[in-house]
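The values are calculated or read from the model by the stated rules, or taken from the named source; none is laboratory data. As the structure is a prediction and not an experimental result, all values here were calculated from the model. Using ideal geometry, Cβ is built from the backbone for each residue, glycine included, and neighbour counts are taken over all protein chains shown.
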Amino acid sequence: MRQSSALDILKTGQNVFLTGSAGSGKTYTLNQYIDYLRARRVPVAVTASTGIAATHMNGTTIHSWSGIGIKDELSDRDLTTLSRKQFLADRLKDTAVLVIDEISMLHAKQLNLVSQVLKHVRKNDKAFGGIQVVVAGDFFQLPPIGSKGETNREKFAFMSEAWLDAKFHICYLSEQHRQVSEAANGGLDLDDILNQIRRQEVTFESIAALEATFDQNVDIKRTRLYTHNLNVNSINDKELAALEGEMMRFTATSTGDSKLVETLKKTVRTQDDLVLKVGAKVMFIKNNTELGVSNGTMGELIGFAAVKIDDSKDSSDDLIEDDDDSAESENDKNVKGKSKKAIKEKPKSKKPTTQKMPVVRLNSGREVVAEPEEWIIEDETGDVLASYEQVPLCLAWAITIHKSQGMTLEAAEIDLSRTFELGQGYVALSRLKSLAGLQLLGMNDMSLQLDPLARGADKRFLVLSDEADANYSMLDEEHDAGT
Ligand SMILES: Nc1ncnc2c1ncn2[C@@H]1O[C@H](COP(=O)(O)OP(=O)(O)OP(=O)(O)O)[C@@H](O)[C@H]1O
Ligand SMILES: [Mg+2]
């Protein structure tokens, strides 16, 4: 289906699952639809399953937007607590269209929770409380992380009750906008190889073409994609050590129950002792609407600026924050994020302290100061059980493949030698525009494999999309004939 047909179907207000291969323009089409809605003042909630994916639409995570945080289930008491949060209840009531990108990484249980919360708050028993739901993604890409021993069958969003309830119309995009044609490679393009992977018919010739990139020199500013956090961290540490710019150390502070503080740290994925230097490639790990950054916004550290830090806490509405790897955490408490603001004037009661804070030039060119943020866990009554405070940045020369899903990259160094998830290799390779930008360091037996259940589902989605396309053009013709 063409993007324009999908857009026409979206505009009818039906629930839609927008799918298609990596680079077919799912996110692009979502953005077109979001612009269309905003121009007509239709309240649209823009979300994705991970923080970085949400940045491609200037949105937030679905966990944060819906208030479900990192929970797997909601008791009646939880639902009552959530609906009493006025700003959250207002937000859910005021929304007419909910967009969720990178649906493949959203756990079936979590999609059910989103529908459950919307039904409860909107007092409407229809799927997702009766609003238009648009989900986008490609189930050949990464599945949700889930808990140990869980199969993809239990995790995939399309296996959930909420999915069936929503009666999605399927729009399967058939164009390719990311990969460019490379006639120079004897006719074998990255696009051809990726399509072979989708069909699970990868030729020896394609494997040879991938392996031939091992020694290829790609741009020094390449993004480095690894399967494991351990490799990502060690590369980032090495890169940092090699820099000679001004260095600053930021030490985290915490209060409350030490076990809960540990849980917070795992969710936030920052360091107690964060060492940063001028020249470092960094990424924000928390949404901050005031600064205009999200969990996943990337940039370069260009200096340190003295700012006054106030000790009084503000009640930001950036509630129940989650990390984009939230599913990795088995914790089921609410994790909240609160912004600590620097104050421009003298505070009335508490003494401000002046501290040097990192100045980051975002990839967009804008410069912002990253001030400490606070994450908290609270009980049902809103009492704080534990808190953790740190500068909301992490090093980002290397990132995990999970975090790269949704990105378009000019150049990347990719290591698939320890692939542990079906679809992981496809996600990594499909970030690139061409083989010319790839340096592949290694593969294992799993690297080019896809999930068989996803393959079955994908075939069905294609058939349903063709039907929707045919029905829609028929309606269109009837409409034209009648006018
Ligand atoms: N109609 C279009 N015109 C111009 N550029 C486009 C169009 N559609 C997509 N693109 C560009 O192609 C690239 C891939 O598109 P996009 O990221 O939307 O794909 P996707 O289907 O969301 O991929 P993924 O599955 O990896 O998330 C982006 O750089 C996007 O801006
Ligand atoms: Mg996308």
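Values as computed for the structure displayed
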| item | result |
| --- | --- |
| Flag for Gly442 being surrounded by fewer than 19 Cβ atoms within 10 Å (Cβ to Cβ) and either touching a strand residue (DSSP E or B) at 6+ places or on another chain (Cβ under 9 Å) or closer than 30 Å to Ile9 by Cα (or both) | yes |
| Thr213 β-branched (Val, Ile, Thr) and either modelled with pLDDT of 95 or more or away from ligand 1 (no atom under 16 Å from the Cβ) (or both) | yes |
| Single condition Glu201 does not satisfy, out of (1) acidic (Asp, Glu); (2) modelled with pLDDT under 95; (3) under 23 Å from Asp445 (Cβ atoms) | (2) |
| The range 89-110, subset of a type in the set (A, V, I, L, M, F, W, C) and over 19 Å from Asp458 (Cα atoms), residue farthest from ligand 2 (Cβ to nearest atom) | Ala89 |
| Those strands (runs of 3 or more DSSP E) lying entirely in the range 361-408 with at least 1 residues out of contact with any helix residue (DSSP H, G or I) (no Cβ under 6 Å at 6 or more places or on another chain) and of a type in the set (Ser, Thr, Tyr) | 384-390 |
| Where a residue in the range 221-234 is closer than 15 Å to Arg418 by Cα and its partner, wherever it lies, is part of a loop (DSSP other than H, G, I, E, B), with Cβ under 7 Å and at least six apart | Arg224/Trp397; Thr227/Arg418; Thr227/Thr419; Thr227/Phe420; His228/Arg418 |
| Within the range 189-217, considering residues that are aliphatic (A, V, I, L, M) and buried (at least 19 other Cβ atoms within 10 Å of the Cβ), the one farthest from ligand 2 (Cβ to nearest atom) | Ala209 |
| Condition check for Leu393: within 16 Å of ligand 1 (Cβ to nearest atom) and either touching a residue at least 60 places away in the same chain (Cβ under 8 Å) or closer than 21 Å to Gly25 by Cα (or both) | no |
| Residue list for the range 3-56, filter: assigned to a loop (DSSP other than H, G, I, E, B) and within 12 Å of ligand 1 (Cβ to nearest atom) | Ser21, Ala22, Gly23, Ser24, Gly25, Ser49, Thr50, His56 |
| Conditions (1) under 18 Å from the mean Cα position of the chain (by Cα); (2) among the hydrophobic types (A, V, I, L, M, F, W, C); (3) modelled with pLDDT of 95 or more; number of the one not met by Ala162 | (1) |
| The range 268-313, residues that are of a type in the set (Asp, Glu) and either modelled with pLDDT of 90 or more or within 23 Å of Glu239 (Cβ to Cβ) (or both) | Asp272, Asp273, Glu300 |
| Segments classed as helices (runs of 4 or more DSSP H), wholly inside the range 60-162, with at least 3 members that are within 27 Å of Arg38 (Cα to Cα) and not hydrophobic (A, V, I, L, M, F, W, C) | 62-66, 86-94, 108-122 |
| Residue pairs meeting the criteria (Cβ under 7 Å; at least 6 apart or on separate chains; first closer than 12 Å to Gly67 by Cα, in the range 109-123; second assigned to a helix (DSSP H, G or I) and β-branched (Val, Ile, Thr)) | Val114/Ile62 |
| Subset of the range 440-475 [of a type in the set (Phe, Trp, Tyr) and within 27 Å of the chain's Cα centre (by Cα)] | Phe461 |
| Identity of the residue in the range 418-439, polar (S, T, N, Q) and more than 16 Å from ligand 1 (Cβ to nearest atom), that ends up nearest to Ile401 (Cα to Cα) | Thr419 |
| Asn229 being more than 25 Å from the chain's Cα centre (by Cα), of a type outside the set (A, V, I, L, M) and at pLDDT below 95 | no |
| Filtered residues of the range 72-103 (kept if in contact (Cβ under 8 Å) with a residue 60 or more places away in the chain and within 16 Å of ligand 1 (Cβ to nearest atom)) | Val99, Asp101, Glu102, Ile103 |
| Members of the range 50-86 found to be polar (S, T, N, Q), surrounded by 22 or more Cβ atoms within 10 Å (Cβ to Cβ) and touching a His at 6+ places or on another chain (Cβ under 8 Å), listed by number | Thr50 |
| Unmet criterion (only one of (1) touching a Gly at 6+ places or on another chain (Cβ under 8 Å); (2) buried (at least 21 other Cβ atoms within 10 Å of the Cβ)) for Ala162 | (1) |
| Filtered residues of the range 1-47 (kept if of a type in the set (A, V, I, L, M, F, W, C), in contact with a strand residue (DSSP E or B) (Cβ under 7 Å, 6 or more places away or on another chain) and within 22 Å of Gly406 (Cα to Cα)) | Met1, Ala6, Leu10, Val16, Phe17, Leu18, Leu30, Ile34, Val44, Ala45, Val46 |
